[in-house]
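Okay, structure first, notes after.
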Amino acid sequence: MPEFVAIVGAPGSGKHRLAHQLKKTLGRNAAVLSLGDFTTEGADPEVHEPGAVDWNALDVALGALRENQPTEAPQLDRKTGTRSQVIMKPAPLMILDGCWLLHLDVLRDLFALSVFIHCPADVCLQRLIEREEKIGKRSPDESQEFYRDIVEPVVQRYIIPQSAHADRIITTPPTTMDVEAMTDDCRKLLAQRK
């Protein structure tokens, strides 16, 4: 069975970037699965409410991966909001990134290591503006309003409290020492499997 690592934080905190940075460092020993890809069809992936997640699809994918079996997993096209299916092969270390990974007890119990990325709201907002402008989804003014009215209340009420369940809390941008410490933690998990 693979070891599972969670990287949690607000939208724009750098979860996905850190997950892929770890994957690059760990090579074929790691694979990344993003909770954002499990957004229900038609839901805005930036809203990040529990109801926007296809929990059944996530449960099926995680069940197969826990059994060391390949599984179909969604891949979200953020520009169009559509999903396609890809085959996700299990790796010794499965790195999951997402806003809700420490929200539910049943999910928390899956992770051998969990990390919360604390990111100032102004940095998250700037990243959201850049991301949404890049894909042509919202203007900067629309993104600011969206963040202020929709995203920030969810972050304050639901996402930040998950930090209480994290094994490690880091700030954005992660320092070289943060990444090295996480890489060491991941290598220890891999060594325990042998």
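The values are calculated or read from the model by the stated rules, or taken from the named source; none is laboratory data. No experiment lies behind these values; they were computed from the predicted model shown. Here the Cβ is made from the backbone with ideal geometry for all residues, glycine too, and neighbour counts use every protein chain on show. The accessibility values were calculated without ligands, DNA or RNA, using every heavy atom of the protein model including side chains. Shrake-Rupley method; radii C 1.70, N 1.55, O 1.52, S 1.80 Å.
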Residue identified as in a loop (DSSP other than H, G, I, E, B), under 30 Å from ARG138 (Cβ atoms) and aliphatic (A, V, I, L, M) among LEU107, LEU76, LEU102: LEU102
Selection from the range 105-118 of residues that are of a type in the set (A, V, I, L, M, F, W, C), touching a residue at least 40 places away in the same chain (Cβ under 8 Å) and surrounded by fewer than 21 Cβ atoms within 10 Å (Cβ to Cβ): LEU110, ALA112, LEU113
Test: residue in the range 84-96 that is outside any strand (DSSP E or B) and on the phi > 0 side of the Ramachandran plot: no
Filter pass, TRP100 being out of contact with any His (no Cβ under 6 Å at 6 or more places or on another chain), on the phi < 0 side of the Ramachandran plot, open to solvent by 10 Å² or more (accessible area, probe 1.4 Å) and of a type in the set (Phe, Trp, Tyr): no
Candidate set from the range 5-14 (those that are modelled with pLDDT of 95 or more and not small (Gly, Ala, Ser)); member that is nearest to LEU190 (Cα to Cα): VAL5
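If you take the residues in the range 62-73 that are open to solvent by less than 30 Å² (accessible area, probe 1.4 Å) and in a strand (DSSP E or B), which one is farthest from LEU190 (Cα to Cα)?
Here is the first cut: in the range 62-73, the ones open to solvent by less than 30 Å² (accessible area, probe 1.4 Å) are 62-65, 71, 73.
Restricting the remaining residues to those that are in a strand (DSSP E or B) gives 71, 73.
On the way: THR71: 21, ALA73: 23 Å.
Only one residue fits best here, namely ALA73.
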Some residue of the range 120-143 being touching a residue at least 12 places away in the same chain (Cβ under 8 Å) and in contact with a strand residue (DSSP E or B) (Cβ under 6 Å, 6 or more places away or on another chain): no
ALA91 touching a Leu at 6+ places or on another chain (Cβ under 9 Å), surrounded by 15 or more Cβ atoms within 10 Å (Cβ to Cβ) and more than 25 Å from PRO173 (Cα to Cα): yes
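Suppose we keep only residues that are under 26 Å from LEU125 (Cβ atoms) and touching a residue at least 24 places away in the same chain (Cβ under 8 Å) within the range 172-194. Which one would you say is most open to solvent (accessible area, probe 1.4 Å)?
Taking the range 172-194 as the starting set, the residues that turn out to be under 26 Å from LEU125 (Cβ atoms) are 172-176, 178-179, 182.
Okay, now just the ones that are also touching a residue at least 24 places away in the same chain (Cβ under 8 Å), so 172-174, 179, 182.
On the way: THR172: 22, PRO173: 94, PRO174: 44, VAL179: 19, MET182: 0 Å².
Looking at the filtered set, the residue picked out is PRO173.
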Per-region count, the range 26-47, residues modelled with pLDDT of 95 or more and among the hydroxyl-bearing types (Ser, Thr, Tyr): 0
Residue list for the range 2-41, filter: open to solvent by less than 20 Å² (accessible area, probe 1.4 Å), of a type in the set (Ser, Thr, Tyr) and under 15 Å from ALA73 (Cβ atoms): SER34, THR39
Subset of the range 119-171 [open to solvent by 50 Å² or more (accessible area, probe 1.4 Å), among the charged types (D, E, K, R) and part of a helix (DSSP H, G or I)]: ASP122, ARG127, GLU130, ARG131, GLU133, LYS134, ASP141, GLU142, GLU145, ARG148, ASP149, ARG157
